[in-house]
Amino acid sequence: MAGNRTFTMIKPDAVGAGNSGAIIKMIEEAGFRIVAMKKTQLTKERAGQFYEVHKARPFYNDLTAYMSSGFIIPMILEKDNAVEDFRKLIGATDPAKAEKGTIRNLFAKSIDANAIHGSDSDENAAIEGSFFFSKFEQF
Ligand code: GDP
């Protein structure tokens, strides 16, 4: 059975452009409850840890430099079928391919500055959520 929690972070391009409020509104209107949220900035090293799975990819250095370049807003979200429904709400990784009306279609600038992250499995949602939040901070 699909889990009911996912993890997201609004990325530096969207926070810097002042789009975080509009994005959070879309998330809530789509039926997600915010379980935990904060505004923070990653060091390049910590961004590297978060994206460890992409270490061998050619874009790893650009990705970690970009993800540590400004403020991000990580969140844990709750809804039935959370992971899949949230991936639908954000759209494809490359905003040029993201379906109309998705968060990336509306707010992303490029494949790396693509506005928002969404976990790709229940297992990763739990790992990524605990990367940013302790059990004590989740409600
Ligand atoms: P996601 O699950 O849709 O975020 O995509 P992935 O897990 O495959 O990739 C993680 C992040 O790496 C993406 O959100 C992009 O920011 C970045 N990324 C993925 N593919 C590319 C690429 O081909 N070039 C660059 N520059 N960044 C990429």
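Descriptive notes on the structure:
- When the residues Val35, Val15 are ordered by accessible surface, computed with a 1.4 Å probe over the protein chains alone, the sequence from largest down reads Val15, Val35.
- When the alpha carbon gyration tensor of region 48-132 is reduced to an equivalent ellipsoid, its three semi-axes come out at 20, 18, 12 angstrom, largest first.
- Inter-part distance where region 24-61 and region 83-139 are each reduced to a Cα centre, Å: 8
- Qualifying GluC sites (Glu not before Pro) for region 76-139 [loop in DSSP, other Cβ within 10 Å: at most 16]: Glu99
- A Förster radius of 22 Å combined with the Cβ-Cβ distance from Asn81 to Asp120 puts the calculated FRET efficiency at roughly 0.95.
- Solvent-accessible area per residue in region 5-137 equals 52 Å², computed with a 1.4 angstrom probe and all protein chains kept.
- Sorted into 5 angstrom bins from 0, the C-alpha pair distances of region 2-99 split as 2, 12, 19, 23, 23, 16, 5, 0 percent.
- Summed side-chain charge close to Gln41 - residues other than Gln41 whose Cβ falls under 15 Å, Lys, Arg +1, Asp, Glu -1: +3
The values are calculated or read from the model by the stated rules, or taken from the named source; none is laboratory data. The shown structure was predicted, so the numbers you read here are calculated from the model rather than taken from an experiment. All Cβ positions, even for glycine, are placed from backbone atoms using ideal geometry, and neighbour counts span all protein chains on display. The area values use the complete protein model at the heavy-atom level, side chains included, leaving out ligands, DNA and RNA. Shrake-Rupley method; radii C 1.70, N 1.55, O 1.52, S 1.80 Å.
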